[in-house]
Amino acid sequence: MKNSSPDKIDKGKKRSRSADLFRRLVKEKPLGLFGAIITLLLLFTAMFANFLAPYGMNGVGAGPLLSPPSIHFWLGTDNLGRDLLSRIIYGARISVVVGLVGTMISVLISTIIGVLSGYIGGAFDMSVQRIVDAWMCIPSLVMMMVLVSIIGPGVWQIIIVMGISFGITGSRIVRSATMAIKENVYLQAAKGIGCSPYEIITRHVLPNILAPIIVLFSTLVPVIILQEASLSFLGFGVPPPAPSWGGLLTGSARSYMFQAPWLVLWPGLALSIVVYGINMFGDALRDLLDPRLRGGVGRYGIKVKRTATTNPKGSI
């Protein structure tokens, strides 16, 4: 009998887990599958915007001014004759960059603060959490407007501001997950055999809180996309002529919205669909990855069938 190598066994386990996760997503979470399709379409649109957009990002005079949707301009044109469909497609690229990079920074900050605060505990944890409490007392939108006013508008400025703001707030989730496993037996055993705090955190704590971190990532992406749109709508986001979805809803769109309602209809609809889809996908991942929400007993929530033996008289 041939013995399989450990690498092949590990790869087989990873493939089976991924396949099982996808199967459960299709079978148990149809809205989550719909959200995953929307998320993939958003990523595809952002990656191939140059090929999908029929006109340039700022192609002034591509068509008549304030032209309604037609065969040549499917979503109409704005007050400068720019194709609205092309600007929405290019706006997807900005939303993806801001959403993904901002979320990565946010999750990284949340993980560092939450793990250190939850693992060390004591006076350090108390001091950090009071700072987090003070930060959370200020409305996030107001705080971001103040920070953007200080450092100036721009794509990367927005990403850094939102990453820091949501990173501090999200550290509570990571801290709670860390504290839930801190007193487990295997962590005490690791301390007993002389493992350093760095080894305990990297080898034992982080792998066991990976599911909440993944869920935090998936739920933060739509929040950051929507927050960027809010900042752009208020004039603190990505500066024009970059076609941010929030920026498309302000400026000339507000001035001509009664004369040309498609200027606010299509960007708002695109933003709503994307945020809804990513939210549904994030909720499905949360239900599939969090052991407390799987239901049932055993691996991936497989319910154990109860069997009862009855005697001839019918009693159990």
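The values are calculated or read from the model by the stated rules, or taken from the named source; none is laboratory data. Keep in mind it's a predicted model, so treat the numbers as computed, not measured. Using ideal geometry, Cβ is built from the backbone for each residue, glycine included, and neighbour counts are taken over all protein chains shown.
Somewhere in segment 53-64, is a residue farther than 22 Å from PRO222 by Cβ, among the polar types (S, T, N, Q) and touching a Leu at 6+ places or on another chain (Cβ under 8 Å)?
So in segment 53-64, the residues farther than 22 Å from PRO222 by Cβ come out as 53-64.
If we keep only those that are among the polar types (S, T, N, Q) too, we end up with 58.
Right, trim to touching a Leu at 6+ places or on another chain (Cβ under 8 Å) and you get none.
Within segment 53-64 (the criterion being farther than 22 Å from PRO222 by Cβ, among the polar types (S, T, N, Q) and touching a Leu at 6+ places or on another chain (Cβ under 8 Å)), the answer is no, since none of the residues qualifies.
Going by the conditions given, is THR310 modelled with pLDDT under 50, more than 30 Å from ASP20 (Cβ to Cβ) and not charged (D, E, K, R)?
Numbers: modelled with pLDDT under 50: yes; more than 30 Å from ASP20 (Cβ to Cβ): yes; not charged (D, E, K, R): yes.
Judged against the criteria, THR310 is a match.
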When segment 211-242 is checked residue by residue, the ones that are farther than 21 Å from ARG172 by Cα, of a type in the set (Gly, Ala, Ser) and part of a helix (DSSP H, G or I) are ALA229, SER230, SER232
Got a number for residues in segment 58-80 being under 34 Å from the mean Cα position of the chain (by Cα) and surrounded by 17 or more Cβ atoms within 10 Å (Cβ to Cβ)? 6
Which count do you get for residues in segment 243-293 that are buried (at least 16 other Cβ atoms within 10 Å of the Cβ), in a loop (DSSP other than H, G, I, E, B) and not aliphatic (A, V, I, L, M)? 5
